[in-house]
Structures are given as C-alpha cells and as structure tokens.
1. Among 13, 49, 30, which is touching a helix residue (DSSP H, G or I) at 6+ places or on another chain (Cβ under 6 Å) and farther than 27 Å from residue 69 by Cβ?
2. With respect to residue 92, determine if the residue is surrounded by 14 or more Cβ atoms within 10 Å (Cβ to Cβ), in the same structural domain as residue 115 (by TED's automatic domain parsing) and in a strand (DSSP E or B).
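The values are calculated or read from the model by the stated rules, or taken from the named source; none is laboratory data. It should be emphasised that the depicted structure is a prediction, and the values quoted were computed from it without experimental measurement. Neighbour counts are summed over all protein chains in view; Cβ atoms, including those assigned to glycine, are modelled from backbone coordinates with ideal geometry.
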Ligand SMILES: [Zn+2]
C-alpha cells in the first residue's frame, strides 16, 4: 500500500503549533521584560502563565494530529492492505485533513472516510467496481474495519450498467431512423416516443 499525505494535511499539522509557538515566544519575552521591570512583576507573572498554557495547548494539538494520523493510517492499512474486491495489494491511501481515501489501483474500488473534529468517523462512502454505498452518522464505531465488514455483507444498490457506446455506422442509424418513422406512421409509436427515440439516434450520428 502506498501512503500519500496531501499538502493540506501537512499545513494543518504545522500551522496551529507554529502559531502557538510564536505566541508563546512573544509572551515569554514580554513576561521576562515584566519580571525584570520594577513594579511590573504581576504583569510579567500573568504573561508567564499565559505563555505556558499556550505552549502546552500547542504541543497537545501537535500530538493529537500526529496520533490521529497514525491511527487513521493503521486502520486504513488494516482494511485495505489488499483490495477486498479483487485482492490486489496495489492500493493507495490518501490522507488529507479530516478525510481519508483508499483507492485500489487495480480495479478502481474506492472508499472515503470523513472524520469529525475529534477523529471519530462521521461517514463512509464506498465506491466499488459494481456497488456503491454511503453511511452517515456512524459515530461510535471504533474501528472502520467493523463497518467495512458490515458494508461488505450488505446488499448495496448495484450501479446501473454503463451503456456501452458501440460503433454504429451512419448507415445503420439511417436504417433505424427509417424503421422508426415507419413504426410511427403505422401508429405503433406515440408522437412522444417517436421524438424521444429519434433524438437518441440523431445523437449517435
Ligand atoms: Zn481492487
């Protein structure tokens, strides 16, 4: 399995800790100024505590994003190490902010998981070669693998088969149009049916 992280993921990973770090450095600086300025010790003391809280929050956020990313990566690997549809190990995991996509590079099966702010699954969308399904409000599922197994066992709606565009020669279409006209003239088709089918055939020209 290939793992790919989007630039948005890295941005989220770095932006808030970077901001909190800058804020903390500033606060610590002004705290030190306050603490060494006679009469401003109270102010310096308060800033020192604010700086500490900001720094701790930044570190907590950083760790949370990191752990969450690890957890998501592992659960996706567990489920999609090999494609459940074709068995191919040629799969790709794309991690972005609050959303992960796994794609089978062999058969095209694809599924996305949307996560809430706190890392819980909000919805899963599966696009298999022949089936598609979506489940929302699946909060509380600890591991996507449970959901995946349920989804696999369910009878998901089958996709309507894609109409194959066959190579039809213009002569064939012309013959069909003549036949259609005859059917209409003979009263076997209503005006509406005739126009609809005619339009379809003309599109193929
Ligand atoms: Zn596959």
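1. Being touching a helix residue (DSSP H, G or I) at 6+ places or on another chain (Cβ under 6 Å) and farther than 27 Å from residue 69 by Cβ holds for just one of 13, 49, 30, which is 30.
2. It is true that residue 92 is surrounded by 14 or more Cβ atoms within 10 Å (Cβ to Cβ), in the same structural domain as residue 115 (by TED's automatic domain parsing) and in a strand (DSSP E or B).
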